[in-house]
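Participant: Right, I'll just put the structure down here and ask away after.
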Amino acid sequence: MSCTNPLSKTSSDYSYDGLLVLELFYNGNKVYSIYRDFKGSISEKHYLTLIDIMLDDLEIR
């Protein structure tokens, strides 16, 4: 598995179509961020996947 994240300085494979970013702010301060690159067209599934990961990471469920 190779890293295709365009933010990575060590990535050797830049074959992605876009970068999806989800950032959560509280009282004007960023408290969480997640980045995921994707291939193809962006869909609701991409957003829902990041939201699920965020909820698990923050133990909100």
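Participant: From the residues in segment 16-61 that are touching a residue at least 12 places away in the same chain (Cβ under 8 Å), charged (D, E, K, R) and part of a strand (DSSP E or B), which one is surrounded by the most Cβ atoms within 10 Å (Cβ to Cβ)?
Facilitator: Per the criteria, the residue is 37.
Participant: Would you pick out the residues in segment 36-56 that are modelled with pLDDT of 90 or more and either in contact with a helix residue (DSSP H, G or I) (Cβ under 8 Å, 6 or more places away or on another chain) or of a type in the set (Phe, Trp, Tyr) (or both)?
Facilitator: 47
The values are calculated or read from the model by the stated rules, or taken from the named source; none is laboratory data. Bear in mind that the values here come from a model prediction, so they are computed numbers and not experimental data. Glycine gets a Cβ as well: all are built from the backbone with ideal geometry, and neighbour counts include every protein chain shown.
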